[in-house]
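**Q** One structure coming up, written as structure tokens, with questions to follow.
Taken together, the values in this text are just the output of simple stated rules run on the coordinates, not laboratory data. Every value quoted in this text rests on a predicted model; they were computed, and no experiment measured them. Please note: Cβ atoms are built from the backbone with ideal geometry, for glycine as well, and neighbour counts cover all protein chains shown.
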Amino acid sequence: MVDPLNPDDKALLAKAKTLVTALPFMKRYAGRTFVIKYGGHAMGDPEAAREFAEDVVLLGAVGINVVVVHGGGPQIGAMLKKLGVESSFVDGLRVTDKQTAEIAEMVLSGAINKELVGWINKAGGRAVGISGKDGGMVTARKVERTRKIEGSAIEEAIDLGFVGEPEHVDTRIIETSVASGLIPVIAPIGADAEGQTYNINADTMAGAVAAALGAARLLLLTDVPGVLDKQGGLLTDLFPDDVDTLIDDGTITGGMIPKLETCVQAVEAGCEAAVVLDGRVPHAMLIEIFTERGAGTIVRSR
Ligand SMILES: Nc1ncnc2c1ncn2[C@@H]1O[C@H](COP(=O)(O)OP(=O)(O)O)[C@@H](O)[C@H]1O
Ligand SMILES: CC(=O)N[C@@H](CCC(=O)OP(=O)(O)O)C(=O)O
């Protein structure tokens, strides 16, 4: 029998079939809120940023309320280096003195936020760039950290400077923006009641926003396929009580610890599920949202 379809038609047909398989997921999530954390590592490459923006606009177009929270750690690091300012981290958090806080705000709220807004607008969306300060959205408090003094049971306080965590998230500015058809793009900066600026880890910020919105999903885009076991295999499903065990037995280390703690906190505070996935893979978000198989590691309550 003669095949009536030429290769171009076949490719189109395959795309149409993909769209049809995505339909139940589009219906399931229409009108629901997805908080997407886009990390600084992922956005370094303009092509990746363009694709990310296109996917964000597509999610909005099918009726999902998209809220983007971005990072920018590597970009802050590069600016500090250029200006000759030393920088150090404790437990994945940047020790932030007054000068570093000013530079972090300049890079996050000034440069990266507006660049991402530009990419989303170029992709056909209408993005509004804000930080936790806008509309009094995020009231921050200083992060307190302690460490054990070596060879002793005594804990000493570590001063991280102006490193904050969200104490309260007022979601009105997000909800008003979304209701107007805008895509909020949030920089992880907040202020306390006295107006003091705080530098907030972007994962922590995204988790607090997802919890406050009771989001259907918190998606954390990173530079690994998800949470890996000790053999390097992907752990596709985790429950909150698995996380402590994985930390205690050394499976999860470094930056993955605060990331998963954020997932657990968000899920326990009302976000339906949190997913750690590979932001380097083109369209990973779409695979996660529009397939039963999903992508990366999903954390949800039992
Ligand atoms: N079990 C694990 N599975 C995957 N990654 C892990 C694990 N334990 C530690 N990591 C580390 O966590 C990193 C992701 O955290 P981080 O560097 O803070 O990401 P981001 O910059 O995207 O916020 C990975 O690149 C990896 O080095
Ligand atoms: C307190 C703290 O560490 N703040 C982060 C904020 C940016 C961030 O978290 O960006 P990524 O998600 O790209 O790492 C920082 O200064 O690097």
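**Q** What net charge do the residues around V178 carry, taking every other residue with its C-beta under 12 Å from that of V178, with Lys and Arg at +1 and Asp and Glu at -1? Numbers along the way, then the final one.
**A** Values: positive: R32, R126, R172; negative: E175.
In short, +2.
**Q** I'd like the distance between the alpha-carbon centres of the range 261-286 and the range 68-127, rounded to an integer number of Å.
**A** If we compute the Cα centre of each part, the gap is 21 Å.
**Q** What is the local net charge at M43, summed over the other residues whose Cβ is closer than 12 Å to its Cβ (Lys, Arg +1; Asp, Glu -1)? Before the final figure, lay out the partial values.
**A** On the way: positive: K37, R50, R280; negative: D45, E47, E51, E115, D223.
In short, -2.
**Q** Rounded to the nearest 20 debye, what is the charge dipole size of the range 4-67 about its Cα centre when +1 sits on each Lys and Arg Cβ and -1 on each Asp and Glu Cβ? Could you put the intermediate results ahead of the total?
**A** Working: 8 positive and 7 negative charges, 91 e Å.
The calculation lands at about 440 debye.
**Q** Related question: Please sort by residue number the GluC sites (Glu not before Pro) in the range 125-187 whose DSSP state is loop and whose Cβ has at most 16 other Cβ atoms within 10 Å. If you can, show how the numbers build up before the last one.
**A** On the way: sites: E144, E150, E155, E156, E167, E175; in loops: E144, E150.
Loop-located and lightly packed - E144, E150.
**Q** Over every pair of different alpha-carbon atoms in the range 134-222, take the mean of 1/r and invert it; report that Kirkwood radius in Å. The partial results should precede the final answer.
**A** Numbers: mean 1/r = 0.0683 Å⁻¹.
So the Kirkwood estimate lands at 14.7 Å.
**Q** Most exposed first by the Cβ proxy, i.e. fewest other Cβ within 10 Å, how do C263, C271 rank?
**A** Values: C263 28, C271 25.
Exposure proxy ranking, most exposed first: C271, C263.
**Q** Let me ask another. About its Cα centre, how strong a charge dipole does the range 1-157 have in debye, to the nearest 20, once Lys and Arg get +1 and Asp and Glu get -1 at the Cβ? Let's see the in-between values first.
**A** Working: 21 positive and 19 negative charges, 98 e Å.
The dipole magnitude comes to about 480 debye.
**Q** Mind sorting S177, S152, S301 by how few other Cβ atoms lie within 10 Å of their own Cβ, fewest first?
**A** Values: S177 21, S152 8, S301 11.
The fewest-first ordering by Cβ neighbours comes to S152, S301, S177.
**Q** Quick check: net charge around V299, other residues with Cβ under 12 Å of its Cβ, Lys/Arg +1 and Asp/Glu -1? Walk me through the intermediate numbers first.
**A** Numbers: positive: R217, K259, R300, R302; negative: D237, D241, D242, E261, E268, E272.
Around V299, the surrounding residues sum to -2.
**Q** Kirkwood Rh over alpha-carbon pairs of the range 1-145, then Stokes-Einstein at 25 °C and 0.890 mPa s: what D in µm² s⁻¹, rounded to an integer? Could the numbers behind the result be given before it?
**A** Working: Rh = 18.2 Å.
Taking Rh from Cα pairs, D becomes 134 µm²/s.
**Q** I would also like to ask the following. Are there GluC sites (Glu not before Pro) in the range 266-302 that DSSP puts in a loop and that have at most 14 other Cβ atoms within 10 Å, and which ones?
**A** E292
**Q** Here is a further query. Among H283, G72, V267, flag the residue with its Cα farthest along the positive direction of the charge dipole of the chain, charges on Cβ as +1 for Lys/Arg and -1 for Asp/Glu.
**A** Result: H283, furthest along the dipole toward the positive end.
**Q** Taking neighbour counts of Cβ atoms within 10 Å as a proxy for exposure, in what order, fewest first, do H70, H41 appear?
**A** Working: H70 27, H41 18.
If I rank by nearby Cβ atoms, fewest first, I get H41, H70.
**Q** I've got another one for you. Sequence neighbours fewer than 8 away in the same chain don't count; with that in mind, list the aspartates and glutamates whose C-alpha is under 17 Å from K81.
**A** Of all the aspartates and glutamates, those that pass the test against K81 - Cα under 17 Å, at least 8 places apart if same chain - are D97, E102, E105.
**Q** Grab the alpha carbons of the chain, take their convex hull, and tell me the volume per residue in Å³. Don't skip to the end; give the middle numbers.
**A** On the way: hull volume 49.0 nm³, N = 302.
Cα convex hull per residue, to the nearest whole number: 162 Å³.
**Q** Among the trypsin sites (Lys or Arg not before Pro) within the range 226-282, which fall in a DSSP loop and have no more than 12 other Cβ atoms within 10 Å of their own Cβ?
**A** Details: sites: K230, K259, R280; in loops: K230, R280.
Here the sparse-neighbourhood loop sites are K230.
**Q** Also, quick follow-up: Starting from 0 in steps of 5 Å, tell me what percent of the Cα-Cα pairs of the range 46-114 lands in each bin.
**A** 3, 14, 21, 20, 13, 12, 9, 6, 2, 0
**Q** Can you give the calculated 222 nm mean residue ellipticity of the chain, where each DSSP H run of n ≥ 4 adds -39,500 (n - 2.57) and the sum is split over every residue, rounded to the nearest 500 deg cm²/dmol?
**A** Values: 10 runs with 116 residues, N = 302.
The per-residue figure over the chain is -12000 deg cm²/dmol.
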